[in-house]
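*Asks:* I am attaching a structure below and will ask some questions about it afterwards.
The values are calculated or read from the model by the stated rules, or taken from the named source; none is laboratory data. Bear in mind that the values here come from a model prediction, so they are computed numbers and not experimental data. Using ideal geometry, Cβ is built from the backbone for each residue, glycine included, and neighbour counts are taken over all protein chains shown.
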Amino acid sequence: MANTVLVGAQWGDEGKGKIIDFLTETADIVVRSQGGNNAGHTVITGGKKYVLHLIPSGILRPGKQCVIGNGVVLDPVSLVGEIEGLRAEGIAVGDNLLISDCAHLVMPYHRALDAAKELAKGKLKIGTTGRGIGPAYGDKVARTGLRLADLMQPAIFSEKLAVRVEEANAQLQAMGAEPVSFQEINDASLAAAEKLRPHVVNTVLYLHKALKAGKEMLFEGAQGTFLDIDHGTYPYVTSSNTTAGGAATGSGVPPHRVDCVLGVMKAYTTRVGEGPFPTENAQISDLLHGMGREYGATTGRERRCGWFDAVSTRFAAMVNGIDQIAITNLDGLDTLETIKVCVGYKLDGQEVEVPPSDYQRLSACEPVYIELPGWNTPTDHCKSFAELPQNAQSYALKLAELTGGKLIIVSVGAHRDQTILL
Ligand code: GDP
Ligand code: IMO
Ligand code: MG
């Protein structure tokens, strides 16, 4: 029985949702352990497209257990909306979804503060998803956050909320933003609470019982390595640990119960929002956007695109302990004669071993490229690795070799059945 942590090895949107959905066939439990509804995980199955934000992508497989762990920040109203949206599509959401009572709440004042802070930053804005993630994690760390356990006790929740709203409104008004209404938030949150109540448990206890019973777990990372609050391109990051360690702290499953770490990476690189991106490139951006691809699953924003960056994925392999690799969107490169891959960075004429920690020096890095031959033929129909054109096979194997990990999955389309297991 292998417990797998799946992480994004780039800047998010690597195709984690699709790979989780594929792997869930053989797993018992899918766990989200960090992030919030800033995530947008796309799964296409049975001709239908689903975008999951807070609910683990395993929900689409009947009989699989989904868990939202303590490390997640959740907006109760939006979570209820997501649950009801899935039900309207005929997806069962009942006992198969458990939510940690330690998960912190994202409240409307967090969203308002997120927007006000971005506005105040002007040119230095982060380009957040506007979902209130930073302010919610900020309250958690400052020990002033509200948790799902509070929401389950209406009187306690309302009392704490009143204090928080007063503080948040003072902050909002100082920034020239509109205050929020205690009454509206209180009413909407308590209505959502009753709908969430059947799902709320101590998920640590549940997961430990499941470990004892030999259940197989998949940890569904959100965002990506370079959006990690510690290891990412700070301050152009999200506010949680998106790297493998976050799976343990965000779920209460001990690190030594994780058997492998699967790094998901696109065959090229994308990033949404501001911040350094050494291999960003207009040719590949135009190519992908021209195909109608690479628009954000959560905000609809156009994603920035660039060549594959092996300096960063090598660092991602190190910090996450990636031993297995899934390469997605290989088909995005189907029309190219030659493909560039970044294998080094030069800073002031000197090779650097890892991406510099500060964004100023990272922005000044010049990528060193190798060129690999393209395959210039469609791959989206290929059902086995052997069926892929020789150059496509070599390209995927080269990315895995440069990153340092075993290639186990190649994805050539957004549909569940466009997934090649090696
Ligand atoms: P996530 O956040 O990591 O789950 O990724 P997103 O869902 O935000 O973005 C990945 C996008 O690529 C989605 O539109 C997926 O449907 C799509 N996708 C995933 N894998 C492939 C692939 O191999 N080929 C193509 N064409 N699309 C893919
Ligand atoms: P998934 O799970 C891509 C980015 C935002 C912004 C920065 C901070 O779908 O891969 P935040 O709202 O978290 O404070 O924004 O992080 N970001 C993502 N980019 N995919 C995501 O999630 C992201 N979640 C946050 O664009 O640059
Ligand atoms: Mg996404």
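*Asks:* When you scan the stretch 54-73, do you find a residue that is at pLDDT 95 or above, outside any strand (DSSP E or B), away from ligand 2 (no atom under 15 Å from the Cβ) and among the basic types (K, R), even just one?
*Replies:* yes
*Asks:* Right, here's the next one. Answer yes if at least one residue in the stretch 247-257 is buried (at least 23 other Cβ atoms within 10 Å of the Cβ), over 29 Å from L124 (Cα atoms) and of a type in the set (A, V, I, L, M), and no otherwise.
*Replies:* There is at least one residue in the stretch 247-257 that is buried (at least 23 other Cβ atoms within 10 Å of the Cβ), over 29 Å from L124 (Cα atoms) and of a type in the set (A, V, I, L, M).
*Asks:* Moving to a separate point now. Out of everything in the stretch 1-32 that is part of a loop (DSSP other than H, G, I, E, B) and under 17 Å from H231 (Cα atoms), what residue ends up being nearest to ligand 3 (Cβ to nearest atom)?
*Replies:* Looking at residues that are part of a loop (DSSP other than H, G, I, E, B) and under 17 Å from H231 (Cα atoms), I get G12.
*Asks:* Read through the list (1) farther than 20 Å from A188 by Cα; (2) not assigned by TED's automatic domain parsing to the domain that holds A170, then give the number of the only condition that K123 fails.
*Replies:* Single failed check for K123: (2).
*Asks:* Do you know which residues across the stretch 398-415 are away from ligand 3 (no atom under 16 Å from the Cβ), crowded, with 16+ Cβ neighbours inside 10 Å and not β-branched (V, I, T)?
*Replies:* K398, L399, A400, L402, G404, G405, L407, G413, H415 - these are the residues of the stretch 398-415 that are away from ligand 3 (no atom under 16 Å from the Cβ), crowded, with 16+ Cβ neighbours inside 10 Å and not β-branched (V, I, T).
*Asks:* So how many residues does the stretch 190-222 have that are touching a residue at least 60 places away in the same chain (Cβ under 8 Å) and among the basic types (K, R)?
*Replies:* Adding up the residues that qualify gives 2.
*Asks:* I'd like to check something: does the stretch 246-259 contain any residue that is in contact with a strand residue (DSSP E or B) (Cβ under 8 Å, 6 or more places away or on another chain), within 30 Å of L205 (Cβ to Cβ) and within 16 Å of ligand 1 (Cβ to nearest atom)?
*Replies:* Within the stretch 246-259 (the criterion being in contact with a strand residue (DSSP E or B) (Cβ under 8 Å, 6 or more places away or on another chain), within 30 Å of L205 (Cβ to Cβ) and within 16 Å of ligand 1 (Cβ to nearest atom)), the answer is yes, since at least one residue qualifies.
*Asks:* Return the residues of the stretch 11-47 that are surrounded by 23 or more Cβ atoms within 10 Å (Cβ to Cβ) and within 8 Å of ligand 2 (Cβ to nearest atom); say none if nothing qualifies.
*Replies:* Answer for the stretch 11-47, where residues must be surrounded by 23 or more Cβ atoms within 10 Å (Cβ to Cβ) and within 8 Å of ligand 2 (Cβ to nearest atom): W11, G12, D13, E14, K16, G17, G35, G36, N38, A39, H41.
*Asks:* For the subset of the stretch 308-340 comprising residues that are β-branched (V, I, T), away from ligand 1 (no atom under 15 Å from the Cβ) and in a helix (DSSP H, G or I), which member is nearest to A400 (Cα to Cα)?
*Replies:* V311
*Asks:* Of the conditions (1) within 16 Å of ligand 2 (Cβ to nearest atom); (2) buried (at least 21 other Cβ atoms within 10 Å of the Cβ); (3) among the hydroxyl-bearing types (S, T, Y), S78 satisfies every one except a single condition; which number is it?
*Replies:* Failed condition: (2).
*Asks:* If you don't mind, another one. Considering only the stretch 313-333, state which residues are of a type in the set (G, A, S) and under 17 Å from the mean Cα position of the chain (by Cα).
*Replies:* A316, A317, A326
*Asks:* Could you tell me whether any residue of the stretch 88-98 is part of a helix (DSSP H, G or I), away from ligand 2 (no atom under 16 Å from the Cβ) and out of contact with any strand residue (DSSP E or B) (no Cβ under 8 Å at 6 or more places or on another chain)?
*Replies:* Within the stretch 88-98 (the criterion being part of a helix (DSSP H, G or I), away from ligand 2 (no atom under 16 Å from the Cβ) and out of contact with any strand residue (DSSP E or B) (no Cβ under 8 Å at 6 or more places or on another chain)), the answer is yes, since at least one residue qualifies.
*Asks:* From the list T270, T299, which one is part of a strand (DSSP E or B) and closer than 17 Å to N38 by Cα?
*Replies:* T270
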